[in-house]
Every structure is written in structure tokens, then in C-alpha cells.
Amino acid sequence: METKFTRRERDCLEQIRDEGSVKLVRLSKYLNVKPPTAYSIVQRLIGKGAVSRDKNNTIMLTALGEKNAESIIFRHRVLETLLTKNGVSVSDACTECKKLDFLISDRVAKELFIRLKEPKLCPHGRPIRVLQNSANMV
Ligand SMILES: [Zn+2]
């Protein structure tokens, strides 16, 4: 099973995961878009089964969203490690990897992870957790 996301949806998943749950206004500020735009991104994520919204309009990840967010973070940290090992600065690596991490497959990310000798931490010092059952094995 594979769920495709856009860049904005990816950023949205990352932010909701970081915060646990979030209100629309806060999300729109984070994404730097107007609330109606944030609303339509959230609606799309609800349609993909990645996000849910309760009676108080609090937005949370579903189990599927959690799995996809974990997978994107894994891909992000592996790619970041690859770039920084090749001389790219941590901040450039982080910025560039956000353009790629949601597009590459878990399979390739896992291959890179093994080639990189299974690093425990990303260049920011955050743990790289190996995916158990991938959200998007191709
Ligand atoms: Zn990063």
C-alpha cells in the first residue's frame, strides 16, 4: 500500500506529528498559507485517511498518517545523512531533503541506510528509527 503526498501535505503531516494535535489556524501559520488553503490541505489528508478532525476542530494523525509520517521522517534522516557525509551543510541538507523525502521509496531509503552502515542518528542528532512494515514499499 502506498499513499502519495504533495509537499504541503508532507509538511502538514510533519507538523501534526511534532505537535501531537493542532488547530487549523496554527497549521496555516506553520505552512505559511491562509486558513482556507490549510483547510483544503487538511480535507485532502482526511480523504487519504492520514488525518482526522474532532468536534473541537483539533486535527490529529490517524494510524495510517502516523505510519506515513514515520516513513517520511526515516527517508528524510537517511537522505540528510547521505548529503552531510558528502560535504553538504546540515541546514542545506535539511532544506533540500524536504523536497525529496516524501517522493523516494522506502525501499531505496532502506538500501541507502544499509550502505551508510545503519547510522543511529541524523545530522541533527535525532534517532533514525528503522521502519518495521513500510507505508510505501514499492
Ligand atoms: Zn532535517
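No lab work stands behind these numbers, since they all come straight from the coordinates. As the structure is a computational prediction, the values presented were derived from the model and not from experiment. Methodologically, a virtual Cβ is constructed for each residue, glycine included, from the backbone with ideal geometry; neighbour enumeration extends over all protein chains shown.
Suppose we filter Leu100, Leu82 for residues that are touching a residue at least 12 places away in the same chain (Cβ under 8 Å), buried (at least 17 other Cβ atoms within 10 Å of the Cβ) and within 14 Å of the ligand (Cβ to nearest atom); which single one remains? After ruling out the rest, the residue left standing is Leu82. Scanning the stretch 85-97 for residues that are more than 9 Å from the ligand (Cβ to nearest atom) and either aliphatic (A, V, I, L, M) or more than 18 Å from His124 (Cα to Cα) (or both) yields a single hit, Val88. For the stretch 114-134, the set of residues classified as within 18 Å of the chain's Cα centre (by Cα) and within 16 Å of the ligand (Cβ to nearest atom) consists of Leu121, Cys122, Pro123, His124, Gly125, Arg126, Pro127, Ile128, Arg129, listed by residue number.
Helices (runs of 4 or more DSSP H) fully within the stretch 23-138 that include at least 3 residues being more than 14 Å from Arg8 (Cβ to Cβ) and among the aliphatic types (A, V, I, L, M): 63-85, 106-115.
Evaluating Tyr30 against the criteria (1) within 16 Å of the ligand (Cβ to nearest atom); (2) under 20 Å from Thr3 (Cα atoms); (3) of a type in the set (Phe, Trp, Tyr) leaves one unmet condition, (2).
Among the residues examined, Gly65 does not qualify as over 17 Å from Leu27 (Cα atoms), away from the ligand (no atom under 15 Å from the Cβ) and either in contact (Cβ under 8 Å) with a residue 12 or more places away in the chain or over 13 Å from the mean Cα position of the chain (by Cα) (or both).
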